[in-house]
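*Asks:* Take this structure, written in structure tokens, and hold onto it; I'll ask about it next.
The values are calculated or read from the model by the stated rules, or taken from the named source; none is laboratory data. Everything numeric in this text was worked out from a predicted model, so none of it was measured. Cβ: placed from backbone, ideal geometry, glycine included. Neighbour counts: every protein chain shown.
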Amino acid sequence: MRIGVFVCNCGTNIAGTVDTKRVASEALSFADVVYATNYMYTCSEPGQQEIQRAIGEHGLQGVVVAACSPRMHEPTFRRAVEKAGLNRYMFEMANIREHVSWIGNDREANTQKAIDLVRMAVAKLRFNNPLFSSKMPVNKRLLVIGGGVAGIQAALDCADGGMDVVMVERKQYIGGKMAKLDKTFPTIDCSSCILGPKMVDVSQKENITLYAASEIESISGYIGNFTVQIRKKATYVNWEACTGCGLCTEKCPSKKAADYFNEGLGAARAINIPFPQAIPKKAAIDAQFCRQLNGKKCGVCAKVCPVQAVDFEMKDSIVTEQVGAIIVATGYDLFDHSAYGEYGAGRYPDVISGIQYERILSASGPYGGHIRRPSDGKEPKDIVFISCVGSRDASVGRPYCSGICCMYIAKQAILTRDHLPESNSYVFYMDIRSPGKNYDEFVRRAQEEYGVQYIRGRVGKIYPRGDRMVVQGADTLLGVQVEVEADLVVLATGVESSAGAGELAEKLRISYDQYGFYMESHPKLRPVETNTAGVYLAGACQGPKDIPSSVAQGSAAASKVQSLFAHDTIETNPQVALVNERTCISCGKCIQVCPFGAIQWKELRGGIKKAEVLPTVCQGCGVCNATCPPKAIQLQHATDNQILAEVNELCA
Amino acid sequence: MERTNTLSIQQSRDNDFIREVEEASGQTVSKCYQCGNCMASCVYTFAYDYPVTQIMRLTQLGQRDTVLGSSSIWLCANCQACTTRCPQNIDVAQVMETLRVMSRKANTVSQRDIRVFYDEFLRSVKTFGRVFETGLLPVYNLRTKRPFTDFDLAPRLMWKGKLSFLPARIKKRKKIAQIFEVIKRDRFSKDGKARPEPLSSQTDI
């Protein structure tokens with residue numbers, strides 16, 4: 001084989017601590033290497049042309065590039081060698097940037113390590129074979145997990161493009177957190193007025209199948225061909241029949257059920273429809289509070305239901321859907337402020353969270369849109385808002401900024417003044433983060449036009465005095481301790497990852513960070529892709545986000561799906577396991593260990609059974625390769641011979 | 001720090017001071033993002049010349065003289081409210097303690113009375129092996145030129161058995177005095193640097 005080696009300087013990224021010229025000249029002494037050089041930026045257009053020129057001039061049959069991580073530029077160089085007529089798998093990359101130059105300053109040691117890595121890459125390349133991908137059909141149906149505003153946007157965009165969409169929502173209604181909000185910043189437009197029509201669209205589009213009160217049970221398959229099992233949770237109401245008339249809720253004698261939608265501020269009935277605009281507008285029974293389901297004699301709802309929709313015997317059921325791509329839009333949860341002992345740890349009824357205040361402000365909320373204190377129902381006169389509760393606080397394990405609280409506090413303070421013109425609002429803040437279009441102007445308006453008092457400092461503690469709360473904080477600009485007597489304290493609780501985010505990530509085989517937010521493929525250039533092909537992200541499941549950004553990501557993910565679905569077929573990855581039937585001893589161990597179920601029995605003539613890999617299902621993990629006793633199953637492009645060649649060079 | 005209109009950030013910054021505070025306290029002062037929670041939680045903010053948030057800020061800026069000469073570090077009661085509430089997990093009370101030690105070493109204690117109390121307290125321990133309040137308090141009062149302060153409390157305390165006429169008897173009081181000698185010797189033997197094993201060979205207190 002005739003091999004060419006190209007050592008990249010990467011400006012000073014590599015050349016700064018690696019003698020690239022020496023690496024190239026050393027490479028010339030390796031077996032089969034006929035050409036070696038170093039270049040300023042190998043990934044640049046002229047850099048790639050240099051490779052292509054050398055392939056033609058020197059009759060190269062394989063190319064090694066020693067540069068950055070293959071995750072960065074392997075596709076670039078594979079395309080480059082392919083253009084020059086080589087098979088894209090006759091290319092190897094030695095990572096001498098992330099693995100060498102960036103992590104050590106010892107020039108001599110770095111150069112030596114770079115030479116070793118190049119030697120290993122050359123040794124492997126000598127055992128490489130051309131590989132060819134095949135084509136397989138794409139199932140042009142989309143699964144959207146999560147029915148918040150990001151998921152709704154993604155589903156509607158794709159449905160508008162003519163695709164079939166399956167939407168799965170854990171709660172019994174779609175709309176997510178946005179459905180609970182009263183108004184939205186910075187325009188103060190009504191949240192349900194702008195979200196409502198989109199929710200209705202989801203229910204009315206014929207090519208959107210909505211599974212509410214459902215969760216993902218399992219996911220198998222791969223890009224273009226996923227099989228998804230969905231658990232439809234028992235709602236004890238036949239939704240086919242339910243008309244959403246609300247008679248059952250009216251008559252239900254269990255009147256102290258938890259009111260999740262109103263964040264615990266009111267009480268719900270055991271059978272209810274969470275809010276008037278709910279989509280789907282269907283009743284469901286909260287089994288925890290239902291008298292009948294807890295062994296008591298009741299069944300009132302079943303008696304009054306005009307369409308006999310109530311079914312106490314209902315069980316969870318599993319449905320299976322075939323899709324080609326998945327958009328994950330599972331949203332976020334809000335920090336539980338009971339971690340803050342100094343703020344009462346949730347014991348004071350008049351110290352509430354931001355989302356609770358949102359329900360109080362809302363006309364469909366527990367107090368009908370009149371601002372009252374939860375403790376005694378009085379109108380508050382002095383309201384204190386405290387920012388960064390569960391944000392930018394390493395002591396409660398939330399060192400990141402939630403990004404939305406500064407804005408929603410300003411909005412709530414403005415709305416408070418609109419509702420109660422005689423009231424005073426105070427905001428304790430550390431910094432004001434308002435980097436959006438018209439955002440900072442909005443915060444200025446809260447201060448200048450609405451007279452909201454902003455105090456720069458954190459709050460040390462809150463304690464009761466009479467029927468009011470004393471908020472003791474600091475004004476760091478003055479360097480004094482300050483105290484505000486308040487009737488109501490609103491804590492701007494921060495954003496955290498959605499409950500169960502980790503379990504879902506494992507089902508989807510996508511990665512998540514230490515706080516449970518899903519990892520995008522590249523923080524800047526691939527913001528809605530994951531590292532699992534065919535799985536995309538939208539909204540706050542990827543990190544704290546406001547509504548405009550969530551909607552933008554929903555549309556972005558939808559456009560990624562549309563570009564995927566623009567093709568009828570996709571190319572398979574040929575780096576999969578392959579069985580040598582001559583040496584296979586039919587022990588079946590590979591079938592047992594394969595985590596993807598990608599290996600099955602194949603019957604040859606005469607009834608002999610041999611293992612067979614389904615190349616479209618195989619993910620190329622190599623477990624079978626490591627397990628196979630006679631080494632009959634080999635992972636292409638990482639065969640035993642290729643890996644041993646590398647190890648031999650390293651140990652030589 | 002004298003109230004000046006302009007503080008020269010470069011010229012007034014004492015990097016050694018920042019390093020010394022960090023090494024002695026085990027805390028990273030640059031972690032402080034000036035939220036003010038320590039100041040908000042501190043019961044003595046009203047009495048401090050610089051609230052604790054500003055002590056942290058002055059330390060970040062390397063203002064050695066201002067910090068070590070402040071009254072705040074001596075008025076601090078070490079109640080640890082600042083440490084408990086700090087969102088950045090800084091042990092602020094430990095920083096304050098470190099600053100007190102540095103201030104005493106540098107002989108820049110701004111509160112003479114407090115320094116006298118510490119000195120007399122330790123002298124009492126050295127002399128008697130344990131604090132002798134009936135001796136300590138009059139001496140402290142005399143040295144701080146207010147001889148009759150709290151004098152009226154003495155009979156009631158004696159009646160309750162909280163004060164006694166004679167110092168308590170403890171065993172091996174000379175060994176306690178030795179601790180002071182050893183520390184003093186170590187302190188001044190090599191450029192004020194403490195030796196690693198000060199007591200182990202000779203103590204059986």
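Residue-by-condition table, conditions (1) surrounded by fewer than 19 Cβ atoms within 10 Å (Cβ to Cβ); (2) at pLDDT 95 or above; (3) among the β-branched types (Val, Ile, Thr):
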{"residue": "A:Glu506", "(1), (2), (3)": "yes, no, no"}
{"residue": "A:Val528", "(1), (2), (3)": "no, yes, yes"}
{"residue": "A:Ala533", "(1), (2), (3)": "yes, no, no"}
{"residue": "A:Ala538", "(1), (2), (3)": "no, yes, no"}
{"residue": "A:Lys545", "(1), (2), (3)": "no, yes, no"}
{"residue": "A:Ser550", "(1), (2), (3)": "no, yes, no"}
{"residue": "A:Gln562", "(1), (2), (3)": "yes, yes, no"}
{"residue": "A:Ile570", "(1), (2), (3)": "no, no, yes"}
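*Asks:* Turning to a different aspect of this structure: Taking the criterion of being within 14 Å of another protein chain (Cβ to nearest Cβ), closer than 27 Å to B:Tyr118 by Cα, free of Cβ contacts under 8 Å to residues at least 40 places away in the same chain and of a type in the set (Gly, Ala, Ser), would at least one residue in the range B:79-92 satisfy it?
*Replies:* No, the range B:79-92 contains no residue that is within 14 Å of another protein chain (Cβ to nearest Cβ), closer than 27 Å to B:Tyr118 by Cα, free of Cβ contacts under 8 Å to residues at least 40 places away in the same chain and of a type in the set (Gly, Ala, Ser).
*Asks:* List the residue pairs whose Cβ atoms are under 8 Å apart, where the first residue sits in the range A:139-156 and is more than 21 Å from A:Asp546 (Cβ to Cβ), the second is in a strand (DSSP E or B) and modelled with pLDDT under 95, and the two are 6 or more positions apart or on different chains.
*Replies:* Once the first residue is more than 21 Å from A:Asp546 (Cβ to Cβ) and sits in the range A:139-156, its partners that are in a strand (DSSP E or B) and modelled with pLDDT under 95 give A:Asn139/A:Asn225; A:Asn139/A:Phe226; A:Leu143/A:Phe226.
Okay, residues lined up against (1) modelled with pLDDT under 95; (2) in a loop (DSSP other than H, G, I, E, B); (3) not basic (Lys, Arg):
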| site | (1), (2), (3) |
| --- | --- |
| A:Gln600 | yes, no, yes |
| A:Gly606 | yes, yes, yes |
| A:Gln619 | yes, yes, yes |
| A:Asn625 | no, no, yes |
| A:Gln634 | no, no, yes |
| A:Glu646 | no, no, yes |
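*Asks:* Please go through the range B:89-108 and give me each residue that is in a loop (DSSP other than H, G, I, E, B) and either of a type in the set (Ser, Thr, Tyr) or surrounded by fewer than 19 Cβ atoms within 10 Å (Cβ to Cβ) (or both), ordered by number.
*Replies:* Listed by number, the residues that qualify are B:Asn89, B:Asp91, B:Ala106, B:Asn107, B:Thr108.
*Asks:* Of everything in the range A:436-460 that's more than 35 Å from the chain's Cα centre (by Cα) and among the acidic types (Asp, Glu), which residue is nearest to the other protein chains (Cβ to nearest Cβ)?
*Replies:* Only one residue fits best here, namely A:Glu448.
*Asks:* Kindly indicate which of A:Ala394, A:Ala345 is among the small types (Gly, Ala, Ser), outside the structural domain of A:Tyr260 (by TED's automatic domain parsing), free of Cβ contacts under 8 Å to residues at least 12 places away in the same chain and under 22 Å from A:Pro544 (Cβ atoms).
*Replies:* So the residue among A:Ala394, A:Ala345 that is among the small types (Gly, Ala, Ser), outside the structural domain of A:Tyr260 (by TED's automatic domain parsing), free of Cβ contacts under 8 Å to residues at least 12 places away in the same chain and under 22 Å from A:Pro544 (Cβ atoms) is A:Ala394.
*Asks:* Here's another thing I want to ask about it. Taking the range A:473-504, which residues are surrounded by fewer than 24 Cβ atoms within 10 Å (Cβ to Cβ), within 14 Å of chain B (Cβ to nearest Cβ), farther than 25 Å from A:Leu361 by Cα and of a type outside the set (D, E, K, R)?
*Replies:* A:Thr476, A:Leu477, A:Leu478, A:Gly479, A:Val480, A:Gln481, A:Val482
*Asks:* For the range A:268-322, name all the residues that are among the acidic types (Asp, Glu) and either closer than 30 Å to A:Pro137 by Cβ or without any contact (Cβ under 8 Å) to a residue 40 or more places away in the chain (or both).
*Replies:* Of the residues in the range A:268-322, the ones among the acidic types (Asp, Glu) are A:286, A:311, A:313, A:316, A:321.
The answer is A:Asp286, A:Glu313, A:Glu321.
*Asks:* Shifting gears a bit: Taking strands (runs of 3 or more DSSP E) that do not extend beyond the range A:476-579, which have at least 2 residues that are within 30 Å of B:Cys35 (Cα to Cα)?
*Replies:* In the range A:476-579, A:480-486, A:488-493, A:495-497 are the strands (runs of 3 or more DSSP E) which contain 2 or more residues that are within 30 Å of B:Cys35 (Cα to Cα).
*Asks:* In addition: Which strands (runs of 3 or more DSSP E) sit wholly inside the range A:292-371 and have at least 2 residues that are over 28 Å from B:Ala81 (Cβ atoms) and not small (Gly, Ala, Ser)?
*Replies:* Where strands (runs of 3 or more DSSP E) fall fully within the range A:292-371 and carry at least 2 residues being over 28 Å from B:Ala81 (Cβ atoms) and not small (Gly, Ala, Ser), they are A:317-323, A:325-328, A:332-334.
*Asks:* In addition: Could you grab me the full set of residues in the range A:397-429 that are under 12 Å from A:Thr493 (Cα atoms) and not in a strand (DSSP E or B)?
*Replies:* Result: A:Cys401, A:Ser402, A:Gly403, A:Ile404, A:Cys405, A:Cys406, A:Tyr408, A:Ile409.
*Asks:* Condition test on A:Ala339, is it within 29 Å of A:Glu503 (Cα to Cα) and within 14 Å of another protein chain (Cβ to nearest Cβ)?
*Replies:* Spelling it out, A:Ala339 is indeed within 29 Å of A:Glu503 (Cα to Cα) and within 14 Å of another protein chain (Cβ to nearest Cβ).
*Asks:* Assess whether A:Val561 counts as being of a type in the set (Val, Ile, Thr), touching a Phe, Trp or Tyr at 6+ places or on another chain (Cβ under 8 Å) and touching a residue at least 24 places away in the same chain (Cβ under 8 Å).
*Replies:* When the stated conditions are applied, A:Val561 passes them.
*Asks:* Another question about this same structure. Would you mind stating whether A:Val470 is touching a residue at least 24 places away in the same chain (Cβ under 8 Å), among the aliphatic types (A, V, I, L, M), within 14 Å of chain B (Cβ to nearest Cβ) and not in a loop (DSSP other than H, G, I, E, B)?
*Replies:* No, not satisfied.
*Asks:* Condition (residue is within 14 Å of chain A (Cβ to nearest Cβ) and touching an Asp or Glu at 6+ places or on another chain (Cβ under 8 Å)) applied to the range B:7-30: is it met by at least one residue?
*Replies:* So the first thing to find is which residues in the range B:7-30 are within 14 Å of chain A (Cβ to nearest Cβ), and the list is B:27-28, B:30.
Narrowing further to those that are touching an Asp or Glu at 6+ places or on another chain (Cβ under 8 Å): B:27-28.
For the range B:7-30, residues within 14 Å of chain A (Cβ to nearest Cβ) and touching an Asp or Glu at 6+ places or on another chain (Cβ under 8 Å): present.
Conditions tested, residue by residue: (1) under 15 Å from the mean Cα position of the chain (by Cα); (2) small (Gly, Ala, Ser).
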{"site": "A:Gly479", "(1), (2)": "no, yes"}
{"site": "A:Val495", "(1), (2)": "yes, no"}
{"site": "A:Lys507", "(1), (2)": "yes, no"}
{"site": "A:Leu525", "(1), (2)": "no, no"}
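*Asks:* Given the conditions (1) among the hydroxyl-bearing types (Ser, Thr, Tyr); (2) out of contact with any Gly (no Cβ under 9 Å at 6 or more places or on another chain); (3) in contact (Cβ under 8 Å) with a residue 12 or more places away in the chain; (4) more than 14 Å from chain B (Cβ to nearest Cβ), and given that A:Tyr512 satisfies all but one, which numbered condition is not satisfied?
*Replies:* (2)
*Asks:* Test A:Ser387 against the stated conditions and say whether it is assigned to a loop (DSSP other than H, G, I, E, B), within 14 Å of chain B (Cβ to nearest Cβ) and surrounded by 18 or more Cβ atoms within 10 Å (Cβ to Cβ).
*Replies:* No, not satisfied.
*Asks:* Additional query: A:Ala287: crowded, with 18+ Cβ neighbours inside 10 Å and either among the small types (Gly, Ala, Ser) or assigned by TED's automatic domain parsing to the domain that holds A:Ala213 (or both), yes or no?
*Replies:* Considered against the rule, which asks whether it is crowded, with 18+ Cβ neighbours inside 10 Å and either among the small types (Gly, Ala, Ser) or assigned by TED's automatic domain parsing to the domain that holds A:Ala213 (or both), A:Ala287 comes out as no.
*Asks:* Then there's this: Is there any pair linking a residue in the range B:32-59 that is more than 7 Å from every other protein chain (Cβ to nearest Cβ) to one that is outside any loop (DSSP other than H, G, I, E, B) and not hydrophobic (A, V, I, L, M, F, W, C), with Cβ under 6 Å and at least six apart or on different chains, and which?
*Replies:* Close Cβ pairs satisfying both conditions: B:Cys38/B:Thr53; B:Tyr48/B:Ser72; B:Asp49/B:Ser72; B:Tyr50/B:Ser72; B:Ile55/B:Ser72; B:Leu58/B:Thr66.
*Asks:* Answer yes or no: is there a residue in the range A:261-275 that is in a loop (DSSP other than H, G, I, E, B) and of a type in the set (D, E, K, R).
*Replies:* yes
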